[in-house]
1. Starting from the stretch 116-131, keep only residues that are free of Cβ contacts under 8 Å to residues at least 40 places away in the same chain, then list their pairs with residues that are small (Gly, Ala, Ser) and not in a strand (DSSP E or B) whose Cβ atoms are within a distance under 6 Å, requiring at least 6 positions of separation or different chains.
2. For the stretch 119-134, does any single residue satisfy the condition of being crowded, with 19+ Cβ neighbours inside 10 Å, in a helix (DSSP H, G or I), in contact with a strand residue (DSSP E or B) (Cβ under 6 Å, 6 or more places away or on another chain) and at pLDDT 95 or above?
3. Restricting to the stretch 1-22, name every residue that is at pLDDT 80 or above and not polar (S, T, N, Q).
4. Which numbered condition in (1) surrounded by 13 or more Cβ atoms within 10 Å (Cβ to Cβ); (2) in a strand (DSSP E or B); (3) in contact with a Phe, Trp or Tyr (Cβ under 8 Å, 6 or more places away or on another chain) is the only one that VAL147 fails?
5. With the requirement that a residue be part of a loop (DSSP other than H, G, I, E, B) and modelled with pLDDT of 75 or more, what does the stretch 25-55 give you?
6. I need the full set of residues from the stretch 56-107 which are in a loop (DSSP other than H, G, I, E, B) and among the basic types (Lys, Arg), in order please.
7. Starting from the stretch 71-88, keep only residues that are under 14 Å from CYS128 (Cα atoms), then list their pairs with residues that are assigned to a loop (DSSP other than H, G, I, E, B) whose Cβ atoms are within a distance under 6 Å, requiring at least 6 positions of separation or different chains.
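The values are calculated or read from the model by the stated rules, or taken from the named source; none is laboratory data. Note that the structure is a prediction, hence the values are computed from the model and not measured. Using ideal geometry, Cβ is built from the backbone for each residue, glycine included, and neighbour counts are taken over all protein chains shown.
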Amino acid sequence: MLTECAWCRNTINVEDSPSSNGICTSCLVDVGGIEHTDVSSFPRSFIDALPLGAIVLANDDTIISYNLAESEITGMAPDTVEGKNFFVDVAPCTAVRAFQGVVEKMRNAGKDSQESIEFTFNHQRFKCYVSILFTYYAQADYTIINVKQLEGTAL
Ligand SMILES: [Zn+2]
């Protein structure tokens, strides 16, 4: 089965690296070549070096990590949003079926999965059109939201 790396979006074959949890070999090498099963153990320097926006959400929608690339898209510094509820406190425009609904559906299915959508962030401070890749890890019960900006910038 082909899928996309949750971090860099390179295409990967799940059968080739079944224990990588949807993260490609080169990204795993960047975090020390260890087969990480817990994103919260990834070094901050690695998460901040990712080329695309990445938000890691706990099962209660709390932001575990919010990387620099995402911060550049939204203008919100990681330390001002980490620990907050993503849908309530940080990005209320995503609390809709087309976005939050997808995350909840993946959690409810209870197995590792990926979904992608195109979405317009419509925040009071910015508006931009993005491609979103959701990767859900059932065992750890968290979701990586990978954000690729298509159009628009922070105001
Ligand atoms: Zn990768």
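1. LYS127/GLY152; TYR129/GLY152
2. The answer is no; no qualifying residue exists.
3. GLU4, CYS5, ALA6, TRP7, CYS8, ARG9, ILE12
4. Going through (1) surrounded by 13 or more Cβ atoms within 10 Å (Cβ to Cβ); (2) in a strand (DSSP E or B); (3) in contact with a Phe, Trp or Tyr (Cβ under 8 Å, 6 or more places away or on another chain) one by one, VAL147 breaks only (3).
5. In the first step, residues of the stretch 25-55 are kept if they are part of a loop (DSSP other than H, G, I, E, B); the result is 31-38, 42-43, 50-52.
Scanning the stretch 25-55 gives PHE42, PRO43, LEU50, PRO51, LEU52.
6. Looking only at the stretch 56-107, we keep the residues that are in a loop (DSSP other than H, G, I, E, B), and these are 58-61, 67, 75-77, 82-84, 91, 95-99.
The answer is LYS84, ARG97.
7. From residues that are under 14 Å from CYS128 (Cα atoms), the pairs are SER71/ALA77; GLY75/ARG125.
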